[in-house]
Every structure is written in structure tokens, then in C-alpha cells.
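Before any comments, here is the structure.
The values are calculated or read from the model by the stated rules, or taken from the named source; none is laboratory data. Here the structure is a predicted model, which is why all the values come from computation and not from measurement. In this analysis, Cβ positions are derived from the backbone assuming ideal geometry, glycine residues included, and neighbour counts consider all displayed protein chains.
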């Protein structure tokens, strides 16, 4: 045999990625690298006002500018439907308002699209857009969601009184009220989870091309979910048959959630390409990405945590105002409801939880999923609540966590808040939380923190330790739980995979999942290669093209491995089954006696009576001699709908030094002990954790999307929005525990969002710990030098314990 | 607004090949490379020279090609990611980024490698803080920089070993024409 000794070993091995050679040599193919014959360029004119009525638009000068092919306004696209909202908050009344491909009458945020200019070159389109004369009537503006709820606040949409999109709740109102009313200790705190800008390094874009001969459209897009986009563009927006459009995501330069959604430019380029009979390309500038692509987070939350002085928490009540922005992005209402409220038990056996959420429209960019999507916000609430409670009763926060952890013998565990409107209950699949906590504390030298703090103090530094014992809901999601009757998601969330074993034994796998940096081309090949006993080099993974891959829901919610990967696994099982039946025929053996291992189907107990997968694939392909009723070719498709989500967990410890004089926070060490179940490729998993941690640290210390009161985005360029830089981060210290998930045969859980979910709370807890001598118990993110400095000075002046609002750091 | 049609000829050696291109005076070097020469490995990630995705070498020094006008490189030698190594003959940095999982989505990678090559040409044995400082002008949103730093350190070690030993590195950090 030419196969490796045991190809199964590739599962769990840190293989170098198959997709990397093109990226390290500059031969990757991202959207803006594509040029089509006759291609034109689209530039979008966006409203400079956060709220304004459009009185008139004069495009006459622009239309005569050099190179201009066409100029369109909302009047020209009036017959095109608004974009759909695919996830209304489950079980409650929703007031849905979504954007048009060009706004016809009122601009509701400074990114709202007012006109579209098409020219021979991008520069010509930019020039012409500047020559469009729009007469605006400015309207009152509201950017803060709490302000938007007040009487007399500017109203954005007629069908949403008080700017309320939906009011949603979960948990036990009466039980929690009773627990809080009768508790020995109750701690109350308002915390703000500030608005963030996702910042994939590649901005968004789309290319539309219409073939007049076939009547078919092709749309290239920087999308995490091209199959879903095709459905939404054709059936919901343009009203054309779904099969008349092909959507392709080429190489995509990151997304972090912001590229899941349908944006106005996607149907717009398709529509324009038909009008003009020429392809048209749209690519955002970075500043435009900040203005017009979705943001994340933006919660104002009041928490009440109740318990006894022996450290046992008996109730958690959470009231959150979630800023939706000016309209609803594709799945926005589901993020601060299902993906937030249902995680509020965290890693803890809280007997009573109640959560109320109000989704609110404001004159700001739309807010939707950003890495973690609701779950970082929930984890931040829970992990801050634990520390606030520990501080109140004077107990070590590690000990409070330990006393409230769900014990390992309580799994599968029902946190109660995971039960949706249909009564269908999801339970945490598996977990053992204390060992990860213990290991993280050991790595951090937590037991000897007094010595470390004294050493730091001798240098004028305040050393703080911050813990976060997070859990995550990954592998989203069982369709019957999350779908319309339950959580309100307007579709399913299964995933697909197809495997074809060609005549020469080479394999092509297609997945409905979408790779934009996560390593699908390697990890899917590892799963399929391992199950079929075929070298990873001989397995090609194709994705992200609606032509040639089965329908799939795409990549988000840490679902590519735990859902998409299992679809690939199941397709491989079907191939193995057929291979065994065909080998039995070839060997004149009983199919019941066949086994498959290491790329070979053989008769049980007689390993010399065997056929290799290459021999079987050849026989199946030529089809000269098949068992009665068997179709030729090894070609199998699987659709996998998970029976449950998966629930990774871990403990992170951040160690920060705060400069007493300047307020500067230095993240000196970051320790993560994560349990993501079994790993397909630890190199890839650790990379996901690193990146996730950096994004959470970025939120904790530097990042923030800031609007002024008139709705201007002050953090409007990469010069003004402080992204994590290499010089400001340490190398991360990671370890693991492994608690396989019983939900799927590979025991995997998911890791894409874990780092982000755990890290923001760890860093903030560390800074608050460092400032404990000042009596400071909470500071809102981001914890910039100025914010921390002010908190210390206010505390010294006798104002300790109050709220200190964070302010995003501009990059000097 | 541009003076439509007014162009200037730029003569530049790109990855060792002399090229002459007529450009609008307002055209940026990154646009010359991507749009006129089809070298799409150099990426555009921002509009304020913050992200470093467009980093290339001009006469041996790393520059952000969005901050240079095309006319400014007349008479210069430019090296891009396509010129530093190829799939059959990877530059030690390319090899190290692959081995150490120093990339995820790959969008920042060409600029990151060109920036790191500039560092290693100046300092063949940088410590971790030096590496972190050197790549501060290049933003990566995927990796948290952890494996990028490991990659650069590993490439530095490999290049030092190659320098000290009999074997030669597959490519040097110096541009081909200088």
C-alpha cells in the first residue's frame, strides 16, 4: 500500500494548512483581485447626516462627468424590495424595519445609501459622486439607546413606537424576584458593553454580472454565507428565480460576523449589471466599512446578583437595552435575545435567572453579530457579576466561582434559560469546570499573588489578576430549537457535505460551510481523509460557490467543525458503507462481514481478503461489475442537523499592571485554559483562540465605536479606532483540558469564538483588582489610560465606587 | 478632481523586471502594482496608511505603498510579495509563516512578510519585543500576532543558520535589484 501507516492519525495532528501556499506567495484571490471584461465600478454616496429627509437629488452634473456610465437614486430602485430580516426575536412582537438598496426618502444614519454612481474607473466614480447635489432637511438625531426610549426622543420608524424593535425576556421572573428579595446580599451595577467595529482586514465588496444570453446572474461577494445570500437576494429582494443566480465567495479576508449578512450592495450590483449589461464591482473603503458595515455589542445593562455570605449565588436579574442601529441587519434581533439571554447561567448553577431585553432603533450603523455575538456580552455580565459579588462578601473570586460551578456529575445540565417558547430544552452537553480553573490559577501563580503584587508595587505598578470562567454555546444549532416556531430564526441551521471519490482515488469534498481564514480546506480534509484512509494531500475541499456545492448555511456561531465537520464525517460514513458493499461483491464475501479501516475494506478476520479505496473507487467509477441495484460512482451527500449545540468552556486569567501615575494598563501575561473538546487540528484551534483573545483584549482596553450627539462617527477611520497592535499584546500562554462532546462522533465542540467570549471580562476584572485599593469596583470599557487615570483621581477625591464611563482610545 | 487624461510615464523595476507605465499623477503605488501590473498580492486594507497590508520594498526599504505616489518610484526598484519567493522556492519568512500558522485569512500576510523582511535585513537576531515593535504598523485581526511573532523569530533563526552553515536560504530578504 502506498498509504501512510495510519492516516487516521491526522485527526488531532497539527498539520500545516493546505490553503496557505497561495496566501504566503500573494496568489490568493480576494474579491478586489477579480477583474472581468468590460467591468465598471460602483461608488455609493452615503448620507452625511445621521437623520435627514431627502428633499431632492440633482445628478445632472455627475452624469456628464468623464467615464460615468450611470447614476441611480432611490427613485430608480423603488420597485426593489427592502432587505429581509431573517431572525426576528422569538416568541414576541417585532417591529421590523430594514434598509432599501438605496434609501428613497429619509436617511437614518450616516452610512445610509443615497445614490449609486457607476463609472469606467473607481476614481471617476468617486469624482462623480462628489458632484451629486443632495438637498437634505436635517431631522433630530438620537444615538444612545436609552435616550431613544425616552418620551420626546426622535422617532426613526412609524411602526416602532418609542423606537422599540422588540421586548424579550427569558427565565423565571417571580422566582428571581423572590430570590433577590430574600437574599442576604444583593449587588447592583450598571455596566456598558460598548459598541465595536469588527474590522476584518479585507473590507466588504461585491461584483455583479448578468448574462443576457442565459438570463443568469453571477454575484461574487465577500460573504460568510453565499448560499443564504443567493436565497435572500433572489427570492426576497429582487424577486427573480433562485436558480438563476450563482453566488461565489472567493478568498475572504476575515469576517468576524460582519460578513454573514445581506448588505444593500449585493442586490444592487446584480440589479445594475442587468440594467447596464456590464459587470460592476463595489469595494468599500475602510472608512466606509466603519460607517456602513455592521457594528457589534452596544448594550446598556443593569444587573442584580443575589446570594449569601458563604459565596453561594441564588439569583441573577439582568435588564438590557440593546442598540440595533437605524435598521435591522439580517439576524440582528436574535443576537441580544437568544444568543445573549440563554447564556446567562454561564458555568454556574444559578437557581434563579431572569433577563429582560429591549431592542432599540437609533441613528447609528446597524448592529449585528460580531465574534461571539451575544455570548461575550452575556459572559461579561456573568463574570463581572461574580467579581462584584466576591468583592461585596470579601471572598476570593476564584473561590466564588468554585462554589457556584455546575458540578461534573450534573451533566447533561439544564440551565433553564435555554428553554425556548416551544418548551424544547437544550442542556449543556458535558463539562468539568474546576480543573480548567485550577490549571489556569496554577499557571498564573495565583496562590502567591501577594508576593507578585508587592514586587510590582515596588516599581510603582499596581498588579491585578482577573478571572473569567466562561462557557460558550457553539455548533449552532438544532433547526427545531432555533427555527421559527422556537427562537425565531427564519430557516434551518443544518449543514451539508458531499464527497466524491474519483476514478483515480482522489477525493473532492464540498461543504456548505465557508472558509474565510478558519482552515476548512485543511481540517475538512483531515476529517474525510482520516475516515476514508486517504492522504490529506489527495483530498480537495471546495466551498463557497452555490454552483457545485450543496446548499449550506455558512460559517458563524463556531459551527464549521461541530456542524459542517460532522456533515463531512457523515458523508464519509456513507462512502465507507458503499465501499464495503462493493468490496464484498468484488471479494465474493458477505457484506455483513466487511469492515473498513485505514483505506481498506476487508473481510472481518481475514485482512488479506481486502480491497483498497482506490481499487473500490475504480470499480465504482467504471461500473462494469456492480452488485444488483448499486449505482455507479462513490458520490455521497450528507445533511447534518445537530441534536444539540456544544458547550466549550475554560478559565482565562489576565494579569495587568496599572501605572499609578498615568493610568496606563499593561497586559503583562494572559493565560487561557480552554476545553473545546477534541481538536481536529490543534494548530488551527490554538490560532482561533489567540485571535479571539486579542479581540476581547481589544474591547477591554482600547476599542470603541463612538458617535457624537449629532450621529457623526468620531471613530471613523483606522486612525481613530484603536485596534490591538503587536507591541501592546504579550504572547499568550495556553493549556487545555479535554472533555469530549457527546453530541457528535468526533467529540468536538468549537473554538472560533471562545477566546473573545472569555477575554474581555478577564482583563476588566484584572484592572478592577489592580485598583482595589482605591475602592473602585467597576469601570466601563475600554479601559484607556485616561479612563483609568480619571477613575483613580476621582476615587482619591472621595468618589470611589461610582460608575466611570469608558472612552474609546484614539490612536495618536 | 483629476485632470482627465493627463498621464506621466513611470519607469520602475518590479521584482527584477523593468516596466514602463503611463499613470495619472494621483495614482498610488499600490494602484500601479494592483491595477496596472496585476500584482494583486499587495492588498489594500485601509485608507489612512494604518494597516500595512500594502507594504512593499522600494529600493530595499519597506514602505506602505498606499502612502507613495506611483510617480515617486520612477527610477526605483520595487519588490512585492510575488518577488520575494515562490511556491517552489519560498523565502524563509514565507516558509516560517506556513509552518508556524502565522496566518489565517491571509489578507495581512503579504504586507506582514514584507515588513518582517525589512526588519530581518536590518536585525538578523531580533528579540520578541523588537519583532513586536517592528510590525506595529501592520494590523492583523485574525492571529492576535502570537503566531506571527513566532514565525518571524523562526525565520530569523533559519536565516541565521543558513548564513552560518553551508546551506543557502531559498531567497534573501534583500530585493533583487538594489
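State which residue is nearest to residue A:414 (Cα to Cα) when the search covers only region A:431-451 and only residues that are surrounded by fewer than 16 Cβ atoms within 10 Å (Cβ to Cβ) and free of Cβ contacts under 8 Å to residues at least 40 places away in the same chain. Of everything passing the filter in region A:431-451, A:442 is nearest to residue A:414 (Cα to Cα). Residues in region A:537-568 that are within 14 Å of chain B (Cβ to nearest Cβ) and out of contact with any helix residue (DSSP H, G or I) (no Cβ under 8 Å at 6 or more places or on another chain): none.
Let's see how each residue does on (1) crowded, with 24+ Cβ neighbours inside 10 Å; (2) in contact with a helix residue (DSSP H, G or I) (Cβ under 6 Å, 6 or more places away or on another chain); (3) touching a residue at least 40 places away in the same chain (Cβ under 8 Å):
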site: A:216; (1), (2), (3): no, yes, no
site: A:222; (1), (2), (3): yes, yes, yes
site: A:230; (1), (2), (3): yes, no, yes
site: A:236; (1), (2), (3): no, no, yes
site: A:240; (1), (2), (3): no, yes, no
site: A:243; (1), (2), (3): no, no, no
site: A:248; (1), (2), (3): no, no, yes
site: A:251; (1), (2), (3): no, no, yes
site: A:254; (1), (2), (3): yes, no, yes
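Return the pair list, or none, for Cβ contacts closer than 7 Å from residues in region A:112-127 that are within 12 Å of chain B (Cβ to nearest Cβ) and at negative phi to residues that are modelled with pLDDT under 95 and outside any helix (DSSP H, G or I), at least 6 apart or on different chains. As it stands, the answer is A:123/B:2; A:127/B:1; A:127/B:2, since those pairs meet every condition given.
Yes/no matrix, rows are residues, columns are (1) closer than 20 Å to residue A:13 by Cα; (2) more than 10 Å from chain B (Cβ to nearest Cβ); (3) in contact (Cβ under 8 Å) with a residue 12 or more places away in the chain:
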residue: A:692; (1), (2), (3): no, no, yes
residue: A:695; (1), (2), (3): no, no, yes
residue: A:703; (1), (2), (3): no, yes, yes
residue: A:725; (1), (2), (3): no, no, no
residue: A:731; (1), (2), (3): no, no, no
residue: A:735; (1), (2), (3): yes, yes, yes
residue: A:738; (1), (2), (3): yes, yes, yes
residue: A:743; (1), (2), (3): no, yes, yes
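Could you check how many residues of region A:484-519 are without any contact (Cβ under 8 Å) to a residue 60 or more places away in the chain and surrounded by 20 or more Cβ atoms within 10 Å (Cβ to Cβ)? Qualifying residue count, region A:484-519: 4. No other residue among B:59, B:36, B:74 is under 15 Å from the mean Cα position of the chain (by Cα) and surrounded by fewer than 19 Cβ atoms within 10 Å (Cβ to Cβ) apart from B:59. Taking the criterion of being within 9 Å of another protein chain (Cβ to nearest Cβ) and modelled with pLDDT under 95, the residues of region B:86-107 that qualify are B:86, B:87. Quick one: which residue in B:71, B:78, B:56 is assigned to a strand (DSSP E or B), over 25 Å from residue B:145 (Cβ atoms) and in contact (Cβ under 8 Å) with a residue 40 or more places away in the chain? So the residue among B:71, B:78, B:56 that is assigned to a strand (DSSP E or B), over 25 Å from residue B:145 (Cβ atoms) and in contact (Cβ under 8 Å) with a residue 40 or more places away in the chain is B:78.
Among the residues making up region B:124-136, those that are assigned to a loop (DSSP other than H, G, I, E, B) and either at the interface with chain A (Cβ under 8 Å from one of its Cβ atoms) or in contact with a helix residue (DSSP H, G or I) (Cβ under 7 Å, 6 or more places away or on another chain) (or both) are B:124, B:125, B:126, B:135, B:136. Of all residues in region A:59-73, those being surrounded by 22 or more Cβ atoms within 10 Å (Cβ to Cβ) and in a loop (DSSP other than H, G, I, E, B) number 1.
Do we find a residue being at pLDDT 95 or above, over 26 Å from the mean Cα position of the chain (by Cα) and either outside the structural domain of residue A:771 (by TED's automatic domain parsing) or outside any strand (DSSP E or B) (or both) anywhere in region A:368-388? There is at least one residue in region A:368-388 that is at pLDDT 95 or above, over 26 Å from the mean Cα position of the chain (by Cα) and either outside the structural domain of residue A:771 (by TED's automatic domain parsing) or outside any strand (DSSP E or B) (or both).
Each row is one residue, and each column tells you yes or no for (1) modelled with pLDDT under 95; (2) closer than 30 Å to residue A:563 by Cα.
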{"site": "A:722", "(1), (2)": "no, no"}
{"site": "A:751", "(1), (2)": "yes, yes"}
{"site": "A:754", "(1), (2)": "yes, yes"}
{"site": "A:764", "(1), (2)": "no, no"}
{"site": "A:779", "(1), (2)": "no, no"}
{"site": "A:783", "(1), (2)": "no, no"}
{"site": "A:808", "(1), (2)": "yes, no"}
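For region A:484-536, the set of residues classified as under 15 Å from residue A:556 (Cβ atoms), within 14 Å of chain B (Cβ to nearest Cβ), touching a helix residue (DSSP H, G or I) at 6+ places or on another chain (Cβ under 9 Å) and not in a helix (DSSP H, G or I) consists of A:514, A:515, A:517, A:518, listed by residue number. Within region A:703-711, identify whether any single residue is in a strand (DSSP E or B) and surrounded by 18 or more Cβ atoms within 10 Å (Cβ to Cβ), and answer yes or no. Among the residues of region A:703-711, at least one is in a strand (DSSP E or B) and surrounded by 18 or more Cβ atoms within 10 Å (Cβ to Cβ), which makes the answer yes.
Considering only region B:40-59, I want to know if a residue exists there that is modelled with pLDDT of 95 or more, touching a strand residue (DSSP E or B) at 6+ places or on another chain (Cβ under 8 Å), more than 20 Å from residue B:118 (Cα to Cα) and outside the structural domain of residue B:109 (by TED's automatic domain parsing). Yes - at least one qualifying residue is present in region B:40-59.
Listed conditions (1) in contact with a helix residue (DSSP H, G or I) (Cβ under 6 Å, 6 or more places away or on another chain); (2) in contact (Cβ under 8 Å) with a residue 60 or more places away in the chain; (3) more than 7 Å from chain A (Cβ to nearest Cβ) are all met by residue B:110, apart from (3). Of everything listed in (1) part of a helix (DSSP H, G or I); (2) facing chain A (nearest Cβ under 7 Å); (3) farther than 21 Å from residue A:681 by Cβ, the single unmet condition for residue B:139 is (1).
Among the residues in region A:250-271, are any part of a strand (DSSP E or B) and in contact with a strand residue (DSSP E or B) (Cβ under 7 Å, 6 or more places away or on another chain)? Looking for residues that are part of a strand (DSSP E or B) and in contact with a strand residue (DSSP E or B) (Cβ under 7 Å, 6 or more places away or on another chain), one finds at least one in region A:250-271, hence yes. Among the residues of region A:583-599, the one identified as at pLDDT below 95 and on the phi < 0 side of the Ramachandran plot is A:597. Listed by position, the helices (runs of 4 or more DSSP H) inside region A:78-181 whose residues that are closer than 15 Å to residue A:363 by Cβ and not assigned by TED's automatic domain parsing to the domain that holds residue A:277 number at least 1 are A:145-148. Only one entry of A:626, A:582 meets the criterion of being buried (at least 21 other Cβ atoms within 10 Å of the Cβ) and more than 30 Å from residue A:429 (Cβ to Cβ), and that entry is A:582. If you go through region A:283-303 and keep only what is within 14 Å of chain B (Cβ to nearest Cβ), more than 16 Å from residue A:328 (Cα to Cα) and part of a strand (DSSP E or B), you end up with just A:283. The test for being touching a helix residue (DSSP H, G or I) at 6+ places or on another chain (Cβ under 8 Å), more than 18 Å from residue B:151 (Cβ to Cβ) and surrounded by 21 or more Cβ atoms within 10 Å (Cβ to Cβ) does not hold for residue B:101. Looking across region A:151-170 at every residue that is surrounded by fewer than 24 Cβ atoms within 10 Å (Cβ to Cβ) and touching a strand residue (DSSP E or B) at 6+ places or on another chain (Cβ under 9 Å), the one that is farthest from the other protein chains (Cβ to nearest Cβ) is identified as A:162.
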